[in-house]
Amino acid sequence: MGSFRLLEILAGFRAIISFLIIIVTWQSIASLGLVPEKYFPSILAIAAGFRDMMMSGELVSAELRTISRALIGVASASMLGIGLAVLGDLFPSFRRGFAPIAALVQPIPPAALVPMAVFMLGLGPKLYAFIVILVTVWPPYFNGVAALASVSDVQIRTGQMLGLSRWQILRQIKLPAAMPEIFAGIRYASSISLIAVVVAEMLAGHDGLGFLLIRKAFAIRIPEVYALMFVCAVNGLIMNTIVNGLRWKFAGWQSRMTGQAA
Amino acid sequence: MSILRSRQGYSALVLPVVLLLAWQVLAWRASTPLFPGPWQVAVSIWRLYPQIVGQIGYTLMRAAAGFFVAAIVMVPLGILLGRLKAVGSVLEPILDMLATLPPPAVVPIVMLFAGTGDAAKIAVIAYAAGIPLIMNTYEASKTLHPMATLVARSLRLRRLETMVFIDLPASLPMIATGVRLAVASALLVSVTAEMLLATNGIGVFLQRQQENFQIANGLAAIAFISMVGLIVNDLVQRLERRLLFWHYRSTETQNDR
């Protein structure tokens, strides 16, 4: 355990080192004037832009909107995906009927949905929920179906031998066994959800980080644009942390059994 | 046996048909052009398909250009980073961070440097396709079997030769996964980029339909996008199976044992 800690600390340092390298390279490019300063502001200017947006409160409210939309969308998409996967596992004919629908809906880009959905759903939370769910439900669903189908026969037979009902086998044996794979799907879904929300906000043009990005870009407030991109990247890290925490709760048995860190 | 199979075929059709009918009924009850049913969409497809196919052609060309730019830059870079461990491990967190940045968020910056022409759109697509490519290539060449390196050394290959003849082929199966993700995201992002940086392409077509309140036409375009996405993704998978037959053959025989 001790050596493991040390590695973790070193890994943390590595991130800091590479972060410092970015800042130094960025700053030297900016101050050498290789790129017009208007387009490539210094770190200080970006930090100032960040501070201005924090002070005016627009960043905080946009950030809260964006991340809550993504979180609500992913949470409901995961629940729906798992539910559909369970349905597909109980009724194979449902799975077969759902397959062509999934194959056709999956490749639709979120951007293409926005203009049409605005008319039907307005600019409120319904729009974002619809778009995020339609885009992110597939990874948990597909992984769930595959994982539920591949639960080992021995485990199911053991459950039957213990006199568990079909429902109990599903809840106590199959779902926990499928959770690690489902969470791999949710992890992927969470990264697409942020993309979908930002795209939708850019196109719907009402509020949120995506809207703020477009508005600052058209107002040629370049330092603010870079600061917002940084916030977008940090959002990805936040989502990852939340999903990893949940995975530890619901699928932690796997990491504990195989002895690997999450 | 054949009866059983045809019955299974029917049951697979039931759900889509029921959904289409439900949609049609809802559309009838709403009876507004803002909520068209599948029938109106089919009519739009019939009326507009030459135009839609033409616009999708532009979109696909741009997606392909972006993808190839990304592949030419990112695959060699990924192998290089995997080989030069020190550089790779320092740059890895940067890659992780870029991977969490949604591709549309780079649009405003690209707009500054490249305007709103084809170059800008191709740059955004290349960024979106490049991230999965470099992540997978880097991961593959980093975790290469140590034996491969030893073989390279005993053959007295130079560094560049090792990268071309050993690292690249050995990383191909994982690069293929990256290619699959990259193609999918190139298609997604090309539509988005067109909507934000408008000139032509299916994204612009969609927006024009929205501005004219022609929802059925828009849904017709979406149907085409989804068909094209389905076909392209399927082609990529087939191509991967054909080109990497040696990889699949070896994993299959391993499973047989």
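In which sequence would A:188, B:138 go, from the one with the fewest C-beta neighbours within 10 Å to the one with the most?
Least to most surrounded, the residues fall as A:188, B:138.
Other chains' Cβ within 10 Å of A:231-242 residues: what's the mean?
Going residue by residue through A:231-242 and averaging, the value is 3.
Taking +1 at the Cβ of each Lys and Arg and -1 at the Cβ of each Asp and Glu, which of A:158, B:82, A:141 sits farthest along the dipole of the protein assembly as shown towards its positive end, judged by Cα position relative to the Cα centre?
Checked the options; the winner is A:158.
Have a look at A:221, A:14, A:157 and tell me which one the Gaussian network model of chain A (Cα, springs below 10 Å) gives the largest fluctuation.
A:14
Under a point spin-label approximation (7 Å from Cα along Cα-to-Cβ), what is the residue A:152-residue A:80 distance to one decimal in nm?
In this crude label model, residue A:152 to residue A:80 measures out at 3.5 nm.
Rounded to the nearest 20 Debye, what is the dipole magnitude of the protein assembly as shown about its Cα centre when Lys and Arg each give +1 and Asp and Glu each give -1 at the C-beta? The partial results should precede the final answer.
Working: 40 positive and 23 negative charges, 223 e Å.
Value, rounded to 20: 1080 debye.
So which aspartates and glutamates can residue A:174 reach, going by Cα to Cα under 18 Å and dropping same-chain residues fewer than 8 places off?
Result set, ordered by chain and number: A:89, A:153.
So for each of A:18-31, A:123-136 I average, over its residues, the number of other beta carbons within 10 Å; can you give me the resulting order with the highest mean first?
The peptides rank, most packed first, as A:123-136, A:18-31.
Just want the ordering: A:213, B:81, from fewest to most Cβ atoms lying within 10 Å of their own Cβ.
Ascending Cβ contact count within 10 Å gives the list B:81, A:213.
Please give the residues of region A:85-122, grouped as numeric ranges, whose backbone N is less than 19 Å from a label point set 7 Å along the Cα-to-Cβ vector of residue B:227.
A:100-109, A:112-113
Lys/Arg Cβ at +1, Asp/Glu Cβ at -1, dipole of the protein assembly as shown taken about the Cα centre: which of A:198, B:110, B:136 is farthest positive-ward?
The residue sitting most towards the positive pole is B:136.
Can you give me the angle between helix A:222-258 and the longest principal axis of chain A, using Cα atoms only, in degrees from 0 to 90, rounded to the nearest 10?
That works out to roughly 20 degrees.
Which value, in debye to the nearest 20, gives the size of the charge dipole of region A:27-140 about its Cα centre, when Lys and Arg are +1 and Asp and Glu are -1 at the Cβ?
Computed charge dipole of region A:27-140: roughly 300 debye.
So which of A:38/A:216; A:126/B:121; A:216/B:121 end up more than 22 Å apart by C-alpha?
A:126/B:121
In what sequence do A:161, A:120, B:111, B:195 fall when counting other Cβ within 10 Å, fewest first?
A:161, A:120, B:111, B:195
When only Cα pairs under 8 Å and 6 or more residues apart are kept, what is the percent relative contact order across chain A?
25 percent
How far is helix B:245-256 tilted, in degrees, relative to the longest principal axis of the Cα atoms in chain B, given as a value from 0 to 90 rounded to the nearest 10?
80 degrees
As an exercise, use a Förster radius of 60 Å and the Cβ-Cβ distance of residue B:94 and residue B:23 to find the FRET efficiency, rounded to the nearest 0.05.
So the FRET efficiency works out to roughly 0.85.
Please give the helix A:209-218 orientation as an angle from the longest Cα principal axis of chain A, in degrees from 0 to 90, rounded to the nearest 10.
Helix A:209-218 sits roughly 30 degrees off the main axis of chain A.
By per-residue mean of other Cβ atoms within 10 Å, what is the highest-first order of A:89-99, A:72-82? Each step should come with its number before you reach the end.
Details: A:89-99: 17.0, A:72-82: 21.5.
So the peptides A:89-99, A:72-82, ranked by packing, come out A:72-82, A:89-99.
For residue A:241 and residue B:43, what does the FRET efficiency come to when R0 = 45 Å and r is the distance between their Cβ atoms, rounded to the nearest 0.05?
Numbers: r = 49 Å, r/R0 = 1.08.
Computed FRET efficiency for residue A:241 and residue B:43 comes out at 0.40.
Values in this text are rule-based calculations from the coordinates and carry no lab data. Predicted model, so just to flag it, every value in this text is computed and none were measured. Because the Cβ atoms are built from the backbone with ideal geometry, glycine has one as well, and the counts that use them run over all protein chains shown.
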